[in-house]
Amino acid sequence: MTRSGVRNCALAALLFGASTPAASVIAEDMKPLVLAGLLYLGAALAVSPWWVSRRPDSGALRRDWRPLLVAIVAGGAIGPALLTAGLVHTPAATASLLLNMELVATVVLAATLFREHLGRNMIAAAVLVTVAGVLLVWEPGAAVSLDALLIVGACAFWGLDNSVTSRIDQISPQHVTFLKGVVAGSVNLVLGLLITGAGHVDGWSVIGALIVGAFGYGASITLWVRGAQQLGAARGQVIFATAPFVGAIISWAVLSDTVHAVQVVAMVLAAAGVALSLRSSHVHDHRHMVMTHTHEHDHQDGHHNHAHADGFSGRHSHMHEHREVVHSHPHVPDLHHRHDHN
């Protein structure tokens, strides 16, 4: 697994995990779905300069519009709508538990529908992180109902969003974040205003929500897309699923929340799961077909041997072409290794 991929997903989890306690302080009396809408719009604002200065290539949009549309509709429209409907009659404890199903959905869909290679270590890692997430939010009285199944449905669509987004390689992560932020922010904000109302909102709480969204969602989504391109959706989501633990640590340190033994156990399990996921690469002879795409890379990984006129060799991103090659080396299902396994 590439260090940059792990770093990107870990930073994404750190930013997203930190956004939860920050948002709870900044917008304490705001309705949750309205807050979610402002956070996503803040994400779009954060990357809007990139959209304005480097508009996506029309050819790239034509090539990747199908997966991009699926990701935006599944993650930005249907997922929030199902979550909103499910939260109406579902206890908070049950909802918190069920939201752990996003990791499960991502892993299952990545392995079955998108043919990502997992292996025993990766499956064990997903189980450990899921169990840790359940322990972290467990409260007595949680129960599954018909309404709760709507939340499971939301997680399934978010899992589809994660799997599809990780495969987009013609459009930059910033452009993906902008489009998802605009759609998800608009959908969440409209649904919130129609269903629950805005709650207590003033100018400072709106500004605070947009700022938190810029870092906790805008930067976080961009980093996660980069990381998932380098690791695959399942591995990227295992690392990202540690975000609630970051939020818990910040709540302990900054908000003086009580530390419970079960939370410490959950964090140990999550850490063990992430450690296992880092040891889930495999090796065999495989063929790379001719491919043209754009993503973050360097020239030290054996796949990017093209030269630059000015001799540049650091990490960078641009449209580039790969020649056909057959070789063997340890790898994970990144953008270059989405092959089938017999």
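Every number here is computed from the coordinates shown, using simple stated rules; none is lab data. Please read all numbers here as calculations on a predicted model, not as lab measurements. Don't worry about glycine lacking a Cβ; one is built from the backbone with ideal geometry, like all the others, and counts go over all protein chains shown.
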Study note, to complete from the structure: A chain fully extended from residue 127 to residue 147 at 0.36 nm per residue, minus the present Cα-Cα distance, gains in nm 4.7 nm
Check your understanding: What is the sum of charges around residue 219, taking Lys and Arg as +1, Asp and Glu as -1, for the other residues whose C-beta is under 14 Å from the C-beta of residue 219?
Key -> +3
Review point. Within a Cβ distance under 13 Å of residue 109, other residues only, what is the Lys/Arg minus Asp/Glu net charge?
Key: -1
